[in-house]
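As structure tokens, the structure follows; a few thoughts come after it.
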Amino acid sequence: MAYNLKEVAKKPERFTGGHRMCAGCGAPVVVRQILRALKPEDHAVIGAATGCLEVSSYLYPYTAWKDSFIHNAFENVGASVSGAEAAYVAMKRKGKIQGETKFIAFGGDGGTYDIGFQALSGAMERGHDMVYVCYDNGAYMNTGIQRSSATPKYADTTTSPAGKKIPGKMQVRKDLTEVMASHHIPYVCQTAAVGNMKDLYEKAEKAIYTKGAAFMNVLAPCPRGWQYNTPDLMELNKLAVETCFWPLYEVIDGKYIINYKPKNKLPVKDFLKVQGRFKHIFKAGNEFMIEEIQAEVDKRWEALLKLAGEEA
Amino acid sequence: MAIRERMSGNEAMAVAMKQINPDVVAAFPITPSTEVPQYFSQFVADGVVDTEFVAVESEHSAMSACVGAQAAGGRAMTATSANGLALMWEVLYIAACSRLPIVLACVNRTLSGPLNIHNDHSDSMGARDSGWIQLYAENNQEAYDNLLMANRIGEHPDVMLPVMVCQDGFITSHKIENIELLEDDKVKAFVGEYNPKYKLLDKNNPISVGPLDLQAHCFEHKRQQAQAMMNAKKVILEVSEEFYKLTGRKYGLFEEYKTDDADVVAVILNSTAGTAKYVVDQYRAQGKKVGLIKPRVFRPFPVDEIAAALSRFKAVAVMDKADSFNAAGGPLFTEITSAMFAKGVFGPKVINYIYGLGGRDVKCSDIEVVYDKLLDIACTGKVDSVYNYLGVRE
């Protein structure tokens, strides 16, 4: 059946309202849409790394999760969910479990690119039948906007502040989607909640129902860290994609597929200028910073086109 | 009929794990416990267990995967030593507070630094406040027996706590000794099925595990955890009694060796207790009234029982194969002296020896130094030094 947002949105919510995520946060939008891709009859065991999503969704004695949920610590959601999946395999073999259970781990970029990187890599390499979803907001937002290896160059964070001498974060961001593609697992994708969220939904469905390990890197803007007006969330997602800052693509059994090629690729400054964390790079004399970011985006986009066998 | 065999302490633990047939074993290699997952993965490869073996990329992930597996509703086990246990540290506390009766085979080894692969107790002693039940074993037989009892203890509804079974690295883990094994069917019947009330994989009753738990409820949850550890003592004794009826091997909270008329005793964990028993026999032959107390259960600490037992002696030496670096005594010493004080036992003179750190060999002549000192104290009533290092060059 062709994707239809109206129909998909009618499915029972598996991540309920009443959670405490901020207005204008990208993460709950991403989580709800991914869980909609589960078949209604399937149960899920969902894990979350310590972070905004966890502390806002399961504050004792309230839980926003209709499925089973586990939080262990910051750096180990990959391992925790892989353990639950292993128990499922063993118990199913013994005839102790009926029906289908799917396994989904959520981590922010801090819990995924950085501190949870080892547990993620291990879980994916071992090939557990699970999906790891990184909701990437490009900094440690839960602790108050500290830089991570996912933070873009020149972004102003509380541990890479834009000062008089140093203009924000001085390193380019790690390309985790590529690192995960290099694990040669069956399914890797990069996506965002854009438009009617078809791309996100269909990728979630593939990731969940592909046998083996799957990784999704999903852009999840943060109104506190990025400093934008909360109603602009979907606009930011769109600009990230239209500027090719955040290309939508997937790697299926090693084959690269670019899911969206902007007809008119927008300059990255369109994406940067609506975010307070880049305010300093728009000051006179800092034009080279924007040019540098543009060059980096172009370089990575061209490399991706090449991987997908497409012309620029 | 019990099966007479000969095997190392590591193999004995692996065989116990095979007979328990858990749902998940997640482990990472570290000397000297590596053999346990090695033997076990062979059982998996040969199809003699139903277990999923998860060859994780670190001990942190080993314990994390055990938490996921046990919370899912399965039985999860692991094995480790020293730095491996230290890398699990964070998750040990989470396993205990989440009330997940995971079982861990701890093959005691010196915790770095400096790097040293040999035996002392600095690894498990450091984990003593993590909320895990800790059982100690003198030899391969006790390591095997304790491991067979661990699930029953931890999974008891009044307990629901993880259990760590410790034995001495190399000294017993690699030494081949005679052992009596139980038949597989008897182990299966004794250990039983694990059917927890709450599990992630119960699709009809989904649960959430591991909340953000703030001022309104966290304190009560910690109190419940403390109660579980208090409840564990009775359960350990009940399970041990049942095990005695099955095997004829009797286990309590601690073992007393030739203490009935003793004037002095040494308190010693694990394999060195075996050496001390030999020295006790020699001294007894000379008419010297010496005895030994070997704790089996360190967590929960048998405060009442050990204070009552020690009240009968003139002098006590508590032997610690780990130092607390509190400039006053090792962990076993401070537990025992605080137990005695709390229970109003002021009679015996109590001294502490730190011994065998980094695997330094502990010989009969070292133990003789301890008993000679105790007999001297019993005679004179004078203690010149409480906190001592045994046999160290200084």
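The values are calculated or read from the model by the stated rules, or taken from the named source; none is laboratory data. All of these numbers come straight from a predicted model, not from anything done at the bench. So basically every Cβ, Gly included, is an ideal-geometry build from the backbone, and we count neighbours across all protein chains shown.
A compact table of results
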{"item": "Filter result for A:Tyr88 (touching a Phe, Trp or Tyr at 6+ places or on another chain (Cβ under 9 Å), facing chain B (nearest Cβ under 9 Å), among the aromatic types (Phe, Trp, Tyr) and closer than 22 Å to B:Arg99 by Cα)", "result": "yes"}
{"item": "B:Phe43 part of a strand (DSSP E or B), more than 7 Å from chain A (Cβ to nearest Cβ) and over 19 Å from the mean Cα position of the chain (by Cα)", "result": "no"}
{"item": "Filter result (buried (at least 18 other Cβ atoms within 10 Å of the Cβ) and farther than 23 Å from B:Thr110 by Cα) within region B:370-394", "result": "B:Tyr371, B:Lys373, B:Leu374, B:Leu375, B:Ile377, B:Ala378"}
{"item": "Output for region B:59-88, where each listed residue is out of contact with any Pro (no Cβ under 8 Å at 6 or more places or on another chain), over 17 Å from A:Ala84 (Cα atoms) and either within 11 Å of chain A (Cβ to nearest Cβ) or aliphatic (A, V, I, L, M) (or both)", "result": "B:Ala82, B:Leu85, B:Ala86, B:Leu87, B:Met88"}
{"item": "A:Ile208 surrounded by fewer than 17 Cβ atoms within 10 Å (Cβ to Cβ) and touching a strand residue (DSSP E or B) at 6+ places or on another chain (Cβ under 7 Å)", "result": "no"}
{"item": "Answer from A:Gly138, A:Gly107 - the residue that is assigned to a strand (DSSP E or B), more than 9 Å from chain B (Cβ to nearest Cβ), modelled with pLDDT of 95 or more and surrounded by 21 or more Cβ atoms within 10 Å (Cβ to Cβ)", "result": "A:Gly107"}
{"item": "Residue count for region B:128-179, restricted to those that are part of a loop (DSSP other than H, G, I, E, B) and closer than 22 Å to B:Ala273 by Cα", "result": "11"}
{"item": "Every residue from region B:1-30 that is of a type in the set (Gly, Ala, Ser), outside any helix (DSSP H, G or I) and either over 25 Å from B:Asn83 (Cα atoms) or out of contact with any strand residue (DSSP E or B) (no Cβ under 7 Å at 6 or more places or on another chain) (or both)", "result": "B:Ala2"}
{"item": "Single residue of B:Pro37, B:Pro22 found to be buried (at least 24 other Cβ atoms within 10 Å of the Cβ), within 21 Å of the chain's Cα centre (by Cα), in the same structural domain as B:Asn140 (by TED's automatic domain parsing) and closer than 18 Å to A:Lys92 by Cβ", "result": "B:Pro22"}
{"item": "Some residue of region B:87-99 being over 28 Å from B:Ile293 (Cα atoms) and among the aromatic types (Phe, Trp, Tyr)", "result": "yes"}
{"item": "Any strands (runs of 3 or more DSSP E) falling wholly within region B:236-310 and containing at least 2 residues that are surrounded by fewer than 20 Cβ atoms within 10 Å (Cβ to Cβ) and basic (Lys, Arg)", "result": "none"}
{"item": "Subset tally (residues that are crowded, with 21+ Cβ neighbours inside 10 Å and more than 9 Å from every other protein chain (Cβ to nearest Cβ)) for region A:36-45", "result": "3"}
